[in-house]
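Comments concern the structure below.
The values are calculated or read from the model by the stated rules, or taken from the named source; none is laboratory data. Keep in mind the model is a prediction, meaning the values are calculated, not measured. Cβ placement follows ideal geometry from the backbone for every residue including glycine, while neighbour counts extend to all protein chains displayed.
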Amino acid sequence: MFKTKKRLSLLLVLSLMISLLAACGGGTASNSPGSQGAEKSANGEGGAAEPKLEKVKLSWYLVGDAHKDQSKIVAEWNKMLERDLNTTVDLKFTTWNDWKTKYNLLLTSGEKIDMIFASSWADFYKLSKQGAFLDLKDLLPEYAPTTWGNVPEEDWDSVTVGGGIYAVPNTNPEYTPLGYVYREDWRKEFGLPEFTDLDSIEAYLDAVKTQKKVIPINGAAYENVNSLYKFWNDFQLIGGDVIGATSYDNPRDIQILPYTEEFEAWVKRMKTWEQKGYWNKNALSSNQEAGDFIKTGQGAIYWRNPSSAGGFINEVKAKNLNMEIGFFPFTRFHNYVIPTLPSSNAMAIPKSSANPERSLMVLDKLRNDPEYFNLMTYGIEGTHWAKGEDDKTILIPAPGVNLDETPRYSITSWGWRYEPNMKNEKGGWDGLDALKEEFSPISKPDIFGPIYLDYAPVKAELAAVNQVFEQYGKPLMLGLTSDVDASLQTYRDKLKTAGVDKLLEYIQEEANKYFDEKGIQ
Amino acid sequence: MNVQAEKWPVARKANKGSKIKEDKATIVFNVIGYTLLTVISLVCLIPFWLIVAGSFTDEMEIISEGFKLFPHTISFEAYKSVFTTPEQIYRAYGVTIGVTAAGSLLGLLLTSMAGYVLSRKDFMYRNNLSFFIYFTTLFSGGLIPWYIMMTKYLGLKDSYWALILPPLVSAWNIILMRNFMKSIPDSVIESAKIDGAGDFLIYRRIILPLSTPGLATIGLFLALGYWNDWFNANVFITSDNKYPLQFLLYKILSSAAVLRTQTGAYLAANVVPPAETLKMAVAVVATGPIILLYPFVQKYFVKGLTIGAVKG
């Protein structure tokens, strides 16, 4: 009797557990076929009946994280979409966890997605060549007429791959050249001139080291030196760290840069910098950002682009650190700047989309209608932002809102940016606007970014060359070898045996192909 | 933790020794033993302490002076960042505990049944079937086909099943279980059969109690696997109320990491979360409950691993 009872209760528990599990999964399992069916039928009719739109549910993906209030904002957005386009959008986020794997999975598995963030740094060119995205050329004029009209011709060019337009680029000319943020108050204290060239930077580093007894480039130094190297020599690296054009004006003069005289002079100079102690012995292995040491008063220089420099300066201000930070963009060496590719932030429609037409209509609204744009880019007015003194300015946080409870609304809205709708935050770093004014007259188009390289014929050489670069090139760049001449010779020899010539040949060929296509000499 | 398990027998011996007369050798042995074990357990504890202390240190202090056992300035910034949305953390705890409990129990049941069947010598195709299972450890379809299978054909996108099913049964565990059950003499099973027991009764009343050490081991593997799993959630879960703990914590870390990169500059956050201390705080939040739970569960593991010898 007792035994059967025990057994029965065990059975009961087990079955309960199983039914519980089944209930958890059951909801979604039974949901998906239904919604899919609805989508399909909607699609069938949606194309035919133009004036009265059928109800459609779209699925959109963005990279990055959702905001805490995301569901509220999307609900608001869906209300508007339902009113105007009889559409609702299910907005999903990849989160930043291993997002590249996820992004590629979404596109390769053929999951039904109607719009996704696309970017040159998220393999846009590779994926479009592989046919992951839908060609929008014929759809755009009909379903996104406003966008079709207000995106400049050359921006469409940047998302054109093999004759098809595979994404809608953002329209917000941006300049993100690298530069140094540095302790401006110290420079004034030393009575040194503003940075103009390598010598003035060296003088500053020297003063920091000798007078302040501070290591100027503390922590990880490689990128700090490498970015200076590229901009000072005007090297335009193409696909990797070893091969590139020797200057912007000679794009077809593509060389193995470590073989050049400039490189030799550079590494010799860096050796003297290292000997003077401008960075640590562990500069290659350190995980600490040089910028963190500036904040603690133990560093003086840190590589940033203008907008991240702005973030850095704002942070220093917000923390009430008693220091003045300046920014020196490396573009002043050669007096020109390459704007960010329009394709670096874009929205694309995957091949698997069931409703590309409707999705484009939504994007057209989102980009160009300020009501839509403000909601999805800046959040709910009064909660996440408030109107500033004019139409172009906003206040964050909105009056009476605590940022600890309602963090600022910043999702990856980059793909639908449209300059006339963008707003400036009050109290931001004013240097940014000054830099924009400095940059726009000296802007030159990016002719190196879109060169498409998949390295298929030279995979082995690429891996070997990268290995050599990591092992010999990086220490050399930071002067961390005892004998520069000898290690330069070793580096060059090792590159040769790794097959760098074959790699060069491949890159030259692909680059020339692109230059021919675009008519660049 | 092993250190503690070793400590007990020594302590017991010492107690017994005090009743009889302690000779010099025993005292020397005890002194050496205690000091050695104290040192070793301290060595084991220091990393944990470093994590806890690090999570309460001021970020700036870590950058300028490195990690310290006893920080100068105590800061709760890292925990503030982790708990910006506390309800989400509690929810994630719930998901993780639920998935871990359900997954480990169900997994244990399936693994032990499979292991038992494969261990029975009177099961005709056991070698073929074993090979069939073993084969999957050598070859797999790869990530993309797996993903398509899970989402398109099984419809498991954004379902709790996507968290429970993939780690549920592993070939390695089945083989381990089979080998373990092989060590149970056939005569035990035969005698039960003679007494009129059916296969399920034998499995439940004879095999399972005799394989508690194996069950404890595999249960531990499964539970740890579920507790630490974030990849399945990363790939399959889209709604944030289904995020398990590890995924959520990883998300907090990677958002903080992105904010420090060039891409993060667009995100226009004026307050960058403290990256170094945040890592430590996340580790504390993730392992804390397990460490607190361990002393209570430990005795079952020790018992399960030591008894279970076949007695006639």
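Out of the residues in segment A:86-121 that are within 18 Å of the chain's Cα centre (by Cα) and without any contact (Cβ under 8 Å) to a residue 24 or more places away in the chain, which is farthest from A:LYS351 (Cα to Cα)? Only one residue fits best here, namely A:ASN97.
For the residues A:GLN236, A:GLN288, A:GLN275, A:GLN255, the requirement of being in contact (Cβ under 8 Å) with a residue 40 or more places away in the chain, within 14 Å of chain B (Cβ to nearest Cβ) and not basic (Lys, Arg) singles out A:GLN288.
Among the residues of this structure, A:ASN402 does not count as one that is within 21 Å of the chain's Cα centre (by Cα) and within 14 Å of another protein chain (Cβ to nearest Cβ). The numbered conditions (1) under 28 Å from the mean Cα position of the chain (by Cα); (2) within 30 Å of B:MET280 (Cα to Cα); (3) surrounded by fewer than 19 Cβ atoms within 10 Å (Cβ to Cβ); (4) within 13 Å of chain A (Cβ to nearest Cβ) are all true for B:TYR90 except (4).
Tallying residues that are buried (at least 24 other Cβ atoms within 10 Å of the Cβ) and either of a type in the set (Lys, Arg) or at pLDDT 90 or above (or both) within segment A:329-344 yields 0. Within segment B:253-271, the presence of a residue that is modelled with pLDDT of 85 or more and either in contact with a Cys (Cβ under 8 Å, 6 or more places away or on another chain) or not polar (S, T, N, Q) (or both) is excluded.
For segment A:267-297, a tally of residues being of a type outside the set (Gly, Ala, Ser) and within 26 Å of the chain's Cα centre (by Cα) returns 8. For the subset of segment B:45-70 comprising residues that are within 11 Å of B:PRO274 (Cβ to Cβ) and assigned to a helix (DSSP H, G or I), which member is farthest from the other protein chains (Cβ to nearest Cβ)? That would be B:SER55. For segment B:71-85, the candidate set comprises residues that are among the hydrophobic types (A, V, I, L, M, F, W, C) and assigned to a helix (DSSP H, G or I); within that set, the residue that is nearest to A:LYS68 (Cα to Cα) is B:VAL82. When the residues of segment A:406-415 are filtered to those that are part of a loop (DSSP other than H, G, I, E, B) and more than 9 Å from chain B (Cβ to nearest Cβ), the one that is farthest from the chain's Cα centre (by Cα) is A:THR406. Figure legend. Inter-residue proximity from segment A:58-74: first residues at positive phi, second residues in a helix (DSSP H, G or I), beta-carbon distance below 7 Å, spacing 6+ or different chains. No pairs are indicated. Listed by first and then second residue, the pairs with beta-carbon distance under 7 Å, at least 6 apart or on different chains, first residue in segment B:29-43 and on the phi < 0 side of the Ramachandran plot, second basic (Lys, Arg) and assigned to a helix (DSSP H, G or I), are B:LEU37/B:LYS7. Just to be sure before I move on: is A:ASP185 surrounded by fewer than 16 Cβ atoms within 10 Å (Cβ to Cβ), in contact (Cβ under 8 Å) with a residue 12 or more places away in the chain and assigned to a helix (DSSP H, G or I) in the structure I sent? Yes: the conditions hold for A:ASP185. Does segment A:467-474 contain at least one residue that is more than 12 Å from chain B (Cβ to nearest Cβ), aliphatic (A, V, I, L, M) and part of a helix (DSSP H, G or I)? Checking segment A:467-474: at least one residue is more than 12 Å from chain B (Cβ to nearest Cβ), aliphatic (A, V, I, L, M) and part of a helix (DSSP H, G or I).
When B:ILE144, B:ILE184 are checked against the criterion of being in the same structural domain as B:SER239 (by TED's automatic domain parsing), under 30 Å from A:LYS100 (Cα atoms) and more than 23 Å from the chain's Cα centre (by Cα), a single residue qualifies: B:ILE144.
When each of B:GLY17, B:GLY33 is tested for being over 28 Å from A:ILE217 (Cα atoms), at pLDDT 90 or above and surrounded by 14 or more Cβ atoms within 10 Å (Cβ to Cβ), the lone residue that passes is B:GLY33.
Of all residues in segment B:109-142, those satisfying the criterion of being within 14 Å of chain A (Cβ to nearest Cβ) and farther than 28 Å from B:GLY94 by Cα are B:MET113, B:GLY141, B:GLY142. Modelled with pLDDT of 90 or more, surrounded by fewer than 17 Cβ atoms within 10 Å (Cβ to Cβ) and away from chain B (no Cβ under 14 Å): does that describe A:LYS55? Yes.
Counting only helices (runs of 4 or more DSSP H) wholly contained in segment A:81-167, the ones carrying 3 or more residues that are in contact with a helix residue (DSSP H, G or I) (Cβ under 7 Å, 6 or more places away or on another chain) occupy A:99-108, A:140-143, A:145-150. Of all the listed residues (A:ALA318, A:ALA309, A:ALA300), the sole one being within 13 Å of chain B (Cβ to nearest Cβ) and over 24 Å from the mean Cα position of the chain (by Cα) is A:ALA318. For segment A:73-100, a residue qualifies if it is charged (D, E, K, R) and either within 12 Å of chain B (Cβ to nearest Cβ) or within 23 Å of B:SER255 (Cβ to Cβ) (or both), and the qualifying residues are A:ASP90, A:LYS92, A:ASP98, A:LYS100.
Right, B:GLY103: in a helix (DSSP H, G or I) and away from every other protein chain (no Cβ under 14 Å) or not? No: the conditions fail for B:GLY103.
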